[in-house]
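Asks: Quick one: the structure is below, questions incoming.
Please treat every number below as a calculation from the coordinates, not as lab data. In this text the structure is predicted, and so the values were computed from the model without any measurement. Here Cβ is always computed from backbone atoms with ideal geometry, including for glycine, and neighbour counts include all displayed protein chains.
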Amino acid sequence: MKIYYSIFIVALMIMVSCRPSTEVTAVWNTPEPERSNYNSIFLAALTEDLSLRQNLEQEFASRLTNRNVTTTKSVETFRPDFYDERSPERNRLEEIIRETACEGILTITLIDVEQEERFVPGGAAGMGGMYQPMGRFGYYGTFPGYFNHWHGAAFNTGYYSTDRRYFMETNLYDAQTMELVWSAQSKTLNPASDAAFAREYVDAVKAELRENGLVQ
């Protein structure tokens, strides 16, 4: 029985670890789109974290290229100090983007980060069910067997873990009119790294863009 229980726990852990941690929670479309299937997109991750900005824009560029969409990254277009002193003038910003000849502008913004501390029980928790010690667990038959099974778990009082939820907003603007044509909000739970977060996040957003006919 113990072997089957262990196999079940391992399988459950694998299923949980394989589940995507990014979920698109809301999507908006303009009722009168100017066009569909944008073939070239300017990518702008609006964050001061240069590493995250590079990861996000590179991941979008790679995935969109696979869909025959050419991209221009803001990290390669704007100087590192472009936003340092003050917000850039609107005319200058539009001029720079239009010089790239892109049809659309995709902005990626971190809206909020939530943290929640939770308690993870130790090994003796979660037995549940009807109490049938002898018939259910073979180690109950002798004291040494019972002691060897539980002496570690019984004193494992568990630990506290902090969950982090990242809330993102992704907007697609038409580069000709500068008007918003599509927007999506998403949340990501406990990303392992910037690179892992970028992969999952871009996968989720790209699927929505394709479903709405905005990219091939």
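Asks: Please arrange 22, 47 by how many other C-beta atoms lie within 10 Å of their C-beta, fewest to most.
Replies: In order of increasing Cβ crowding within 10 Å: 47, 22.
Asks: HN-Hα J couplings of the stretch 101-109 from phi, Karplus 6.51/-1.76/1.60, θ = phi - 60°, integer Hz, Gly and Pro as x?
Replies: Ordered by residue, 3J(HN,Hα) equals 6, 6, 7, x, 10, 10, 9, 10, 10 Hz.
Asks: Can you sort 97, 111, 105 by how many other beta carbons sit within 10 Å, fewest first?
Replies: Least crowded to most crowded, the residues run 111, 97, 105.
Asks: Further question: Would you mind computing, in nm to one decimal, how far apart the modelled labels at residue 112 and residue 193 are, each placed 7 Å from Cα along Cα→Cβ?
Replies: 3.0 nm
Asks: Pull up all non-local amide H partners of residue 181: gap of 5 or more, or a different chain, and H-to-H distance under 5 Å with H placed in the peptide plane.
Replies: Residues meeting the criterion, in which the H sits 1.01 Å from N, are 172, 173, 174.
Asks: Which of the three applies to the stretch 27-66, rounded, prolate or oblate, going by the alpha-carbon gyration tensor with a ≥ b ≥ c and a/c under 1.5 meaning rounded?
Replies: Taking the square roots of the gyration eigenvalues as a ≥ b ≥ c, the stretch 27-66 is oblate.
Asks: Quick check on the exposure proxy: order 174, 163 from fewest to most C-beta atoms within 10 angstrom.
Replies: Ascending number of Cβ neighbours within 10 Å: 163, 174.
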